[in-house]
Amino acid sequence: MRAATAFWLTGPGHGEILPVELPEPSDGDVVVRSVCSGISRGTESLVFRCGVPESQYHLMRAPFQEGEFPWPVKYGYLNVGVVEEGPRELLGRTVFCLYPHQTRYVVPAAAVTPVPDTVPPGRAILAGTVETAVNALWDAKPLIGDRVAVVGAGMVGCCVAKLLAGIPGVRVQLVDIEPARAEVAAGLGVEFTSPAQAKGGCDLVVHASASEAGLARSLELLAPDGVVVELSWYGDRKISLPLGEFFHSRRLTVRGSQVGTVARPGRDFADRMALALELLADPAFDVLVTGESAFATLPAVMTRLTNSEPSALCHRVLYEGT
C-alpha cells in the first residue's frame, strides 16, 4: 500500500517511470489510488521539451510537482482516483486532484474534489481545463448577445467555446488553422471557421492558440472598444504584438488571464473546481479526449505527443486494475 510508481521527466524529451515511497498519511490526509489521468498536450509538451523559461519556473510549478525545472521533474495536474484511506465521508469516493501521473499518492483531504455521480471518471480528468475556462470567462465577462471568437481550438479554447455557447444570444465561433478541429467543434455544438473566414466585428475575442499569428488575427477580429483575453502560454518564445494599424483608433484592449488567481470576488479555488466538475456532466466534453493508453507506456506516449501528434487534445492515461 505504500509503494507506487510515477512518471518523471529525466532529461529534455526523455521520461521514465520510477518507484516512489509514499509517506505515512497524517490526520486529515487521504490515500488515493489513481484510476486515470490526463495529459494536457500543450502545457505538458512544453515541460517535456524543457521549454519553460527560467523566469517562469516558480509560476509554472504544478501544485504537487516534485523536482525543479528544467529537469528532473514530476509534472502533471489532471488526476482522477479513488480514496482508499482518509475521512469517512471520502472513503471509496472518486475524486479529482491536481496531481502528477502516479499510481497512488497521499495528499491533504482538502486537495481533492469529489466527482459528482453524473460525471464518469474518464471525463473528470478534464476538470482542470474546464476550471481554466471558467476562470477565463470570469475575467472576460461576456454579455448576452455578444459576438465572440475563440482563436485556438486546443483544450482550453474548446472548453471556453463550449461554455460561451451556453450563454443566451451569444454568437461564438471557434477559429483554428487545423481543419480537423471542425469535427471537435461540431461535437461541442459551436461554429468552426478558419482564421481567414472568421467573422469580424467581435465584442470579445478569447485567444488560446499560443501563436503570434493567432494573437494578431484576434486583434483584427475586434470591433471598436473590443477586448482580447489572452490565455496563451508562450513559454520561452518572444511574441510581437501589432500595436499599429487599428489598435489605437479602435481603442482595443489586450487583457491577460491566468488560472492561478480566482477571477471572481467571493469565490475560492474549491468553489471554482466544484463548478468545473458540475459542468462536466455534459457528455459533449467527451470529444476532447483524443487518445488513450496505459500508464506503463507513458514515456513513449509523451515523446509521440510532443513530436508527432499536434492534433491531440487531451490524452487519457489508464492505470492498472481500471
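The values are calculated or read from the model by the stated rules, or taken from the named source; none is laboratory data. Please read all numbers here as calculations on a predicted model, not as lab measurements. When we count neighbours, we look across all protein chains shown, and the Cβ atoms used for this are built from the backbone with ideal geometry, even at glycine.
Condition check for ALA110 on (1) within 28 Å of SER209 (Cβ to Cβ); (2) assigned to a helix (DSSP H, G or I): one failure, at (1).
Results for (1) small (Gly, Ala, Ser); (2) under 16 Å from VAL227 (Cβ atoms); (3) not assigned by TED's automatic domain parsing to the domain that holds LEU221, shown as yes or no for each residue.
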{"site": "THR113", "(1), (2), (3)": "no, no, yes"}
{"site": "PRO121", "(1), (2), (3)": "no, no, yes"}
{"site": "ILE177", "(1), (2), (3)": "no, no, no"}
{"site": "PRO195", "(1), (2), (3)": "no, no, no"}
{"site": "ALA198", "(1), (2), (3)": "yes, no, no"}
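State whether one or more residues within segment 293-300 are within 15 Å of the chain's Cα centre (by Cα), within 21 Å of GLY81 (Cα to Cα) and not hydroxyl-bearing (Ser, Thr, Tyr). Among the residues of segment 293-300, not one is within 15 Å of the chain's Cα centre (by Cα), within 21 Å of GLY81 (Cα to Cα) and not hydroxyl-bearing (Ser, Thr, Tyr), which makes the answer no. Taking the listed residues ILE177, ILE167, the one that is within 22 Å of GLU44 (Cβ to Cβ) and among the β-branched types (Val, Ile, Thr) is ILE177, with no other qualifying.
Applying the condition of being hydrophobic (A, V, I, L, M, F, W, C) and without any contact (Cβ under 8 Å) to a residue 24 or more places away in the chain to segment 178-212 and asking which residue is surrounded by the fewest Cβ atoms within 10 Å (Cβ to Cβ) yields ALA196. Of the helices (runs of 4 or more DSSP H) lying entirely inside segment 124-213, those carrying at least 2 residues that are β-branched (Val, Ile, Thr) and closer than 28 Å to THR113 by Cα are 127-140, 155-164. Considering every residue within segment 34-42, establish whether at least one is touching a Gly at 6+ places or on another chain (Cβ under 9 Å), surrounded by fewer than 18 Cβ atoms within 10 Å (Cβ to Cβ) and touching a residue at least 24 places away in the same chain (Cβ under 8 Å). No, because not a single residue in segment 34-42 is touching a Gly at 6+ places or on another chain (Cβ under 9 Å), surrounded by fewer than 18 Cβ atoms within 10 Å (Cβ to Cβ) and touching a residue at least 24 places away in the same chain (Cβ under 8 Å).
The set of residues in segment 274-322 that are assigned to a helix (DSSP H, G or I) and closer than 18 Å to GLY189 by Cα comprises LEU279, PRO283, ALA284, PHE285, ASP286, VAL287, LEU288.
So which residues in segment 8-18 are touching a residue at least 60 places away in the same chain (Cβ under 8 Å) and surrounded by fewer than 21 Cβ atoms within 10 Å (Cβ to Cβ)?
Matches in segment 8-18: THR10, GLY11, GLY13, HIS14, GLU16, ILE17.
If you go through segment 206-230 and keep only what is within 12 Å of ASP176 (Cβ to Cβ), of a type in the set (Gly, Ala, Ser) and touching a strand residue (DSSP E or B) at 6+ places or on another chain (Cβ under 7 Å), you end up with ALA208, SER209, GLY214. Scanning segment 151-180 for residues that are charged (D, E, K, R), closer than 24 Å to LEU305 by Cβ and more than 17 Å from the chain's Cα centre (by Cα) turns up ASP176, GLU178.
Would you check if ASP203 is more than 25 Å from LEU275 (Cα to Cα), touching a strand residue (DSSP E or B) at 6+ places or on another chain (Cβ under 6 Å) and among the acidic types (Asp, Glu)?
Numbers: more than 25 Å from LEU275 (Cα to Cα): yes; touching a strand residue (DSSP E or B) at 6+ places or on another chain (Cβ under 6 Å): yes; among the acidic types (Asp, Glu): yes.
Against the criterion (more than 25 Å from LEU275 (Cα to Cα), touching a strand residue (DSSP E or B) at 6+ places or on another chain (Cβ under 6 Å) and among the acidic types (Asp, Glu)), ASP203 qualifies.
Condition test on GLU21, is it in contact (Cβ under 8 Å) with a residue 60 or more places away in the chain and within 22 Å of GLU320 (Cβ to Cβ)? No: the conditions fail for GLU21.
Note on segment 44-102: among residues that are among the polar types (S, T, N, Q) and under 20 Å from GLU24 (Cα atoms), the one that is surrounded by the most Cβ atoms within 10 Å (Cβ to Cβ) is GLN102.
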